[in-house]
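Have a look at the structure below before the remarks.
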Amino acid sequence: MNHSEPLFMQRLGLTKLYLWPEAERFQAYPQALARLATYPELRQGATRRQIGEQLFRLAYVRGRKPLRENVLTNCFGVVQVAESKLVIRGINLFRRREPAQPRQVPGSPLVQWETQDDLWVPTAEAIALGEAYTDDPDGLRWQQLLAEQLGRYEVRTRLFLGLLAEGRRVVFAGRGFFAGPNHLAQLVGGQEEVPLFAESGAALNMLLKERISHALGPWWHAEIAAQGYTLAHDFVLEGVHNGPPSTNKLSYNLRNGLAVFKALGVLADLDDGWGLDEAAAVRHLSSELVADLVGTTPALVRDPYEALRRAVDELADEVGFVIVTSLARRWAELQGLPPAEIDTRFDDFVRRGLYEGIVQVLDSHPGQPRMGRGLLGDNDRRRVRLSISVRATEGLSP
């Protein structure tokens, strides 16, 4: 949406948090997004029902909502729902295609801002997440991209991660992650302990209100501005309707999203409670997200061969193969190289490494066309197994 002047919004609503039904099955979103390759027409625009039926395999029966339809709740972006109100409807996997146009409800004084026929288009991040899952369902890359999307756009998750990035810890009643009665979980390390989920998450809502600017982060602020809106400096945070944001089953649903970060080791048991492992965050999240969460930019890897070794260690499958496009992208991220230069810089680097005998290709495989460009443009080598000479990385910090 483009306006000649930004529209000032006095109210911002958050939809209820519901991602996927089981913490361990966080492949639900990438698995669904991978089906965009089967239904390429959906990239041009799809209704909520089409997304549910074709991507999430929901069964719609006339007059009834399908089972598991809640899985769609947090797929979408920010929308205008009233003259002065926006609602964030998820983690920005689908963006509304057309500007909001209020419609008069026939026979009623009410105005309708959203309809079941509204069209949504997948964001670039959603497409990349689906492609990464297709490329390697058992790999790390799609998990990293999913964590990145949650870390940028899931507001309550951002709040939780931000608190831990300050050095705070969460202590659960039991020994494991979200173990024991959740209403007994305590946020510790500040001036006082905070019972995060007691009284249906009232304390978490209070923290959200106090820290809403950081919880929204630069990505939501940029998305809101790109659609032609500006939040008033004193905007009111609320739910989809009037009143505070929903806390319905908040601890359960927050846990399901945080399970992605736990699987990557970004959330870890640090003896004095669960906290943020900054080293794991640097390995698995973008430098921009890490800098936003912890307030510092992680050190770049200066030696290109050390960057290659780290990228291979992160991305290799159980037999040592890596997808070349994923390898090149991660190698560039570790060195802070701009995306537009990845192919050229990686090709030049690999040629030099092969010529000098520092890099060896032990094995290669054509993989699948969807994996993109092969090594040095050779599509018979989309997946490779590499050896990096010890002398290239000896003496460097791990």
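The numbers here are math on the coordinates, done by the rules we state, and not lab data. Here the structure is a predicted model, which means the values were calculated and not measured. Note that we place each Cβ from the backbone using ideal geometry, even for glycine, and neighbour counts take in every protein chain shown.
Between helix 342-356 and the chain there is an angle of about 20 degrees, using the helix long axis and the longest principal axis of the Cα atoms. For region 304-393, relative contact order (Cα pairs under 8 Å, six or more residues apart, normalised by length) works out to 33 percent. Other residues with beta-carbon under 11 Å from the beta-carbon of PHE160 carry, at +1 per Lys or Arg and -1 per Asp or Glu, a net charge of +4.
Shape of region 7-269 from the C-alpha gyration tensor: oblate (a/c of 1.5 or more and a/b not above b/c, with a ≥ b ≥ c the square roots of its eigenvalues).
For SER108 and THR344, the FRET efficiency from 1/(1 + (r/R0)^6), where r spans their Cβ atoms and R0 equals 41 Å, is about 0.10. Contact order, relative form, for the chain: 17 percent (alpha carbon pairs under 8 Å, 6 or more residues apart, mean separation divided by residue count). Taking Lys and Arg as +1 and Asp and Glu as -1, the other residues whose beta-carbon sits under 13 Å from that of LEU267 total +1. Rounded to the nearest 20, the Cβ-based charge dipole of the chain about its Cα centre (Lys and Arg +1, Asp and Glu -1) stands at 1140 debye.
Taking a ≥ b ≥ c as the square roots of the Cα gyration tensor eigenvalues, region 209-304 comes out oblate, since a/c reaches at least 1.5 and a/b does not exceed b/c.
A Förster distance of 30 Å, applied to the separation of the beta-carbon atoms of GLN27 and ARG211, puts the FRET efficiency at 0.50. Step through the table entries LYS65/LYS209; LYS65/LYS262; LYS65/LYS85, compare each Cα-Cα distance with 30 Å, and write down the pairs that go over it. Checking Cα-Cα distances, LYS65/LYS209; LYS65/LYS262 exceed 30 Å. The distance between label points at TYR252 and VAL61 comes to 2.2 nm (points 7 Å beyond Cα on the Cα→Cβ vector). What shape does region 304-393 have by the C-alpha gyration tensor, where a ≥ b ≥ c are the square roots of the eigenvalues, rounded means a/c under 1.5, and otherwise prolate means a/b greater than b/c and oblate the rest? Judged from the Cα gyration tensor, region 304-393 comes out rounded (a/c under 1.5).
Taking the longest Cα principal axis of the chain as reference, the axis of helix 304-315 is set at about 60 degrees.
Taking all Cα pairs closer than 8 Å and separated by 6 or more residues, the relative contact order of region 37-131 comes to 28 percent. For the peptides 224-237, 26-39, the ranking by packing is 26-39, 224-237, with the highest mean count of neighbouring Cβ atoms within 10 Å listed first.
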